[in-house]
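The structure appears right after this line, and notes come after that.
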Amino acid sequence: MKLTITGKNKEETTLIETLGYQKKHLDYQSILSEMDSVQHTLYKLGYIENKLESLVKGSDSTFTSKMHLKRKFDTIYIYTDFIKTLRDPILMEAISPYVEDRVLRLPLKDVENTLSVINSRIAKNGFPFTALKLSDIEVDHNTLRAELLIDLRDKKRTINAIIIKDYEKFPKSYLKYYLKLRPNQTFDLASIKSKTERLDNLKFANQIKPPEVLFSNDSTQVYLYITKVKSNNFEGFLGFGTNEDTGNIEFDGYLNLNLTNNLNYGETFRLLYKSDENDQKTFNAQVSMPYIFKTAAGLDMQLHIFKRDSSFTNANQSFRLHYQINPKNKIYTGFNSTTSNNLLTTTTSSITDLDANYFSLAYEYLNLHLQDVLFPVHTMLYMESNFGKRKTSDISENQSKFLIDAFRIFSLNDRNSLFFRINGATVTSDHYFENELLRFGGITSIRGFEENSLYANFFGLLNTEYRFRLSQGIYVHSIIDAAYFENDITRTKEKLFGFGFGFGLFTKSGVFKFIYANGKAENQNFKLSNSKVHLSLTTAF
């Protein structure tokens, strides 16, 4: 079937053609529906008097319709006192070009959208059942005048109770400070749905379905459907390579345990133990307690111990308060102290006993894609600054430290992506000791080098990967790393490079990763004996 619509004259027919109406149809009901759609479009354009004069069926299943558009109305004046009574600054900003005293002057084509905005703003102020209607419509030349009637239909609604289904022990502090939902708030369903979407950025809970509301005569109850998810993980890796001096294969590795929300408080606990091939040992314990004492602030505590063979030990303690600005942004402030002990029996000028105390400030941005088992963190940015004093037996001097660590995954399509990471740190001081320098190198920094084998008072590195996803649970990637560091004690300034490849595999036991990398200095030739192989397995439980 074919539909043709004409106007009363050539000008009207041309205008109707510009609407782009559908001309081919399967049945008669579709034709009637299309005619209604055309008339509705003409109403919005200002032809509110348009009239369907005829619809005639031809002999060959062709339908011809004749319409008379009549006058076009450009403007409507809507009279109301309610908009100013509402005192909604966002609404006033949206419609301010059209407001004159108690008159809302609108182009006719904007009426439907403007009334929809007004209705949504009224609903946001606690009136979800509001109905708007234009009444007493009058014609004045090419303009219209009407009265806006607003029927609130109910008293102002506030949230009386929030009921959580499935995960009844969901931390109440996260409900109040993270989702920012609490009883006695003005009811706004759109805002509630927007807030519960923040659960997508929470590691230990997911939203099963959108929130629902139970209205009664005297109460408004909001139902949230939240489930607890596995958020603990255990990670370990094994690395091995050839010792340049002895030619023997040496092993290194670490164990990393992360426990999250086991007490249904939203707390996290991390325990890390690392043994490097350079006879270096690292122990790190961290505790993070969010929303302490029923406030918006959280507390982080950390103990970090590092021992290098029989040369020295470093013990660092830190205490920080954090504030979660929103699900992706967090700030920190606090202090940390470091005590280092010289274990050497002989006197050396590069290692000495020292104590240092710092005031710290930090910022973190984290964008999670938890539904992706291979790449759950899409973007991360962490910046930290420390200001304080370092004391030895005979001197005390000001010292500052700065750190930045950031990465992002750029998705090219469903299978291809690029990974970029920038990591750098610096220690600013008049004098330096070996046992206070920054340590880097290995699988978590520049790959192809021994773990924590590089010492510097300044370093910067770039990690890059091209990733190709073979399936939802398997990917392969390249490795191209570059670094620059300075060591003022040895007066070293050097550029480093790492090249290699790897793959990741999601199994029933967790995510297994394999990395093969070869590292070299700027003026050094590649040697296969310098290659490093890293194996790691991350298991969630």
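The values are calculated or read from the model by the stated rules, or taken from the named source; none is laboratory data. Source: prediction; values computed, not measured. Here Cβ is always computed from backbone atoms with ideal geometry, including for glycine, and neighbour counts include all displayed protein chains.
Worth pointing out:
- Check on residue 66, at pLDDT 80 or above and touching a Ser or Thr at 6+ places or on another chain (Cβ under 6 Å): yes
- Residue within segment 14-34 that is under 30 Å from residue 145 (Cβ atoms), touching a His at 6+ places or on another chain (Cβ under 7 Å) and not assigned by TED's automatic domain parsing to the domain that holds residue 145 present: no
- Criterion violated by residue 516 - all others in (1) within 30 Å of residue 340 (Cβ to Cβ); (2) surrounded by fewer than 21 Cβ atoms within 10 Å (Cβ to Cβ) satisfied: (1)
- Looking across segment 179-207, just one residue is aromatic (Phe, Trp, Tyr) and out of contact with any Pro (no Cβ under 7 Å at 6 or more places or on another chain), and that is 204.
- When restricted to residues that are surrounded by 18 or more Cβ atoms within 10 Å (Cβ to Cβ) and among the small types (Gly, Ala, Ser), segment 124-164 contains 2.
- Of the numbered criteria (1) farther than 30 Å from residue 259 by Cβ; (2) modelled with pLDDT of 95 or more, the one residue 529 fails is (2).
- Of the criteria (1) over 35 Å from the mean Cα position of the chain (by Cα); (2) without any contact (Cβ under 8 Å) to a residue 40 or more places away in the chain; (3) not in a strand (DSSP E or B), which one residue 489 fails: (2)
- Hey, residue 145 closer than 30 Å to residue 74 by Cβ, basic (Lys, Arg) and either assigned to a loop (DSSP other than H, G, I, E, B) or touching a residue at least 12 places away in the same chain (Cβ under 8 Å) (or both) or not: yes
- Every residue from segment 1-51 that is closer than 21 Å to residue 76 by Cβ, part of a loop (DSSP other than H, G, I, E, B) and among the polar types (S, T, N, Q): 50
- Residues that are over 17 Å from residue 167 (Cβ atoms) and not in a loop (DSSP other than H, G, I, E, B) within segment 193-219 comprise 193, 194, 213, 214, 215, listed in sequence order.
- Among the residues of segment 498-513, those that are more than 23 Å from residue 541 (Cβ to Cβ) and either crowded, with 20+ Cβ neighbours inside 10 Å or not assigned by TED's automatic domain parsing to the domain that holds residue 471 (or both) comprise 498, 500, 502.
- The set of residues from segment 151-194 being over 10 Å from residue 224 (Cβ atoms) and among the basic types (Lys, Arg) comprises 153, 155, 156, 157, 169, 172, 176, 180, 182, 193.
- Which listed residue is in a strand (DSSP E or B), among the hydrophobic types (A, V, I, L, M, F, W, C) and under 26 Å from the mean Cα position of the chain (by Cα), from 514, 506: 506
- Of the residues in segment 443-465, not one is more than 23 Å from residue 424 (Cα to Cα) and assigned to a strand (DSSP E or B).
- Spans of strands (runs of 3 or more DSSP E) in segment 345-420 with at least 1 residues exposed (fewer than 14 other Cβ atoms within 10 Å of the Cβ) and aromatic (Phe, Trp, Tyr): 354-368, 396-411
- Candidates in segment 291-341 are the residues that are exposed (fewer than 14 other Cβ atoms within 10 Å of the Cβ) and of a type in the set (Phe, Trp, Tyr); of these, the one that is modelled with the highest pLDDT is 319.
- Verdict on residue 425 being of a type in the set (A, V, I, L, M) and either in a loop (DSSP other than H, G, I, E, B) or within 23 Å of residue 350 (Cβ to Cβ) (or both): yes
- Test: residue in segment 176-186 that is touching a helix residue (DSSP H, G or I) at 6+ places or on another chain (Cβ under 6 Å), modelled with pLDDT of 90 or more and aliphatic (A, V, I, L, M): yes
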